[in-house]
Amino acid sequence: MIDFSNFYQIIAKNQLSHWLEILPLQLAAWHKEKQHGQYEKWLKVLNKLPTVDADQINFSDEVSINTSAGLANGEIKKLQSLLTIFAPWRKGPFNLHGIEIDTEWRSDWKWERLRQHISPMANRTILDVGCGSGYHLWRMVGDGAKLAVGIDPSTLFLFQFELVRHLANNDQRAHFLPLGIEALPPLKAFDTVFSMGVLYHRRSPIDHIMALKDQLRDGGELVLETLVIDGDENQVLVPSGRYGKMNNVWFLPSVAALILWLEKAGFENVRIVDCSVTTIDEQRSTKWMEFESLSDFLDPNDPTKTIEGHPAPKRAVILANKAYHESD
């Protein structure tokens, strides 16, 4: 069983203590009712991971975990075999005892695009909504975050995170909870809230923005990254069918429309800090993720369009702050 007791002990002593009124019951229900069909298999694999004193851990420039003593060839082969069981690996990359997990997404590129603009991570308590494998949680820790909490309903992502944490000497600065944002009460306690690659999957983007605001303390910072289109504040693409072969894409606003949404939701100091076309170098199939990827989602005769004829993926990073004493 995945054990969340360390997380309960940590938040019992900080501004998240009121979360304990419902969180243990929610996770107990998850253990009982919402486990993936591969849960028991993945748990056995997790328990087979080697316990090694990793004395070369780098979360500042990458996610790299190694030991100066090194692992024997047989141990490396065993570890690599265990890691492949948790494929597909979508968010990364990771270097685990010399094993390079070349993930579908170069999530490090996204981090480098935004880290120069966001408030310094030092001593902040962070929430990452839709955190995937937890790659960015480790980068937040590497930049000084006091506590980085990721939420994502995917059981596979939970196990990918837990195995990296195990290899990182059971680091307790980052935690993953298998929950969606809708399961969180208005905690109003995080210094920074990230939502990256989530908004366009929500049927109600404004409700998602309001839910993110409910997790921030007064003055806290929202980091919102999502697909956008060109146009003025009235331009929003609502795909009639699929977008890039995805059937769960609902709203793609222009940057101007997205800024307007955030301002109407009560955020201040709303500003765009990056807008980049997603390339097939940043999102692609690898031996660690062998399914279709971006090159399969684009029109082979016109890469500026998706296979359905929509504008090809372009992503914007917007920063905003929750107003002080908004409820006064």
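The values are calculated or read from the model by the stated rules, or taken from the named source; none is laboratory data. On a predicted model such as this, the values are computed, not experimentally measured, just so you know. So basically every Cβ, Gly included, is an ideal-geometry build from the backbone, and we count neighbours across all protein chains shown. Surface areas here come from the heavy atoms of the whole protein model, side chains and all, with no ligands, DNA or RNA. Shrake-Rupley method; radii C 1.70, N 1.55, O 1.52, S 1.80 Å.
Per the Cauchy relation, a quarter of the hull surface: what is the mean projected area of the convex hull of the alpha carbons in the range 1-152, in nm²? Mind showing how you got there, number by number?
Working: hull surface 40.6 nm².
Here the figure is 10.2 nm², rounded to one decimal.
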Rg over Rh, two decimals, the range 194-256 (C-alpha only, Kirkwood Rh) = 1.00
Cα centroid separation, the range 151-184 to the range 300-318 (Å) | 31
So what's the net charge close to residue 68: Lys and Arg +1, Asp and Glu -1, counting the other residues with Cβ under 10 Å from its Cβ?
-> -2
Distance histogram for the range 124-166 (every C-alpha pair counted, 10 angstrom bins, percent rounded to whole numbers) | 33, 56, 11
Added length on full extension, which subtracts the Cα-Cα distance from 0.36 nm per residue, residue 6 to residue 172 = 59.0 nm
Give, in nm to one decimal, the length gained when the segment between residue 26 and residue 61 is fully stretched (0.36 nm per residue of separation minus the Cα-Cα distance).
-> 9.1 nm
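Set the Förster radius R0 to 30 Å, insert the Cβ-Cβ distance between residue 279 and residue 84 as r into 1/(1 + (r/R0)^6), and round the FRET efficiency to 0.05.
Working: r = 27 Å, r/R0 = 0.88.
Result of the calculation: an efficiency of 0.70.
When the Cα atoms of the range 254-305 are enclosed in a convex hull and the volume is divided per residue, what value in Å³ results? Kindly include the intermediate steps, with their values, before the conclusion.
Details: hull volume 6.7 nm³, N = 52.
Cα convex hull per residue, to the nearest whole number: 129 Å³.
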Per-pair calculated FRET efficiency, R0 = 41 Å: residue 230 and residue 68 via Cβ, rounded to 0.05 = 0.20
Using alpha-carbon coordinates alone, the radius of gyration and Dmax of the range 57-110 in Å work out to 11.7, 35
For residue 295 the rounded accessible area (nearest 10 Å², probe 1.4 Å, non-protein molecules ignored) is 80
Quick one: length gained pulling residue 44 to residue 116 fully straight, 0.36 nm per residue minus the C-alpha distance?
-> 21.9 nm
When the gyration tensor of the range 120-234 is built from Cα positions, what are the square roots of 5 times its three eigenvalues, in whole Å, from largest to smallest?
-> 24, 16, 13
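Excluding residue 269 itself, what net charge comes from residues whose Cβ is under 11 Å from its Cβ, given Lys and Arg +1 and Asp and Glu -1? Don't skip to the answer; put the middle values down first.
Values: positive: 271, 322; negative: 221, 263, 268.
Around residue 269, the charge tally is -1.
Within the P(r) computed for the range 1-75, what percentage of the Cα pairs occupies the region above 16 Å?
Details: 1921 of 2775 pairs.
Result: 69 percent of Cα pairs exceed 16 Å.
Convert 20 °C to kelvin, take the viscosity as 1.002 mPa s, use the Kirkwood radius over C-alpha pairs of the chain as Rh, and evaluate the Stokes-Einstein diffusion coefficient in µm²/s, rounded to a whole number.
Estimated diffusion coefficient is 104 µm²/s.
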Taking only Cα atoms and a 10 Å spring cutoff, compute GNM fluctuations for the chain and point out the largest among 77, 188, 91.
-> 77
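Provide the FRET efficiency to the nearest 0.05 for the residue 15-residue 299 pair, computing r from the beta carbons and using R0 = 41 Å. Mind showing how you got there, number by number?
Details: r = 49 Å, r/R0 = 1.18.
Result of the calculation: an efficiency of 0.25.
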Take the range 198-328, drop everything but the C-alpha atoms, weight them equally and run the Debye formula without solvent; then report log10 I(q)/I(0) at 0.15 Å⁻¹ to two decimals.
-> -0.75
Note to self: C-alpha centroids of the range 66-131 and the range 202-255 sit apart, in Å, by 27
Each label point is 7 Å from the Cα along the Cα-to-Cβ direction; what then is the distance between the points at residue 238 and residue 75, in nm?
-> 5.7
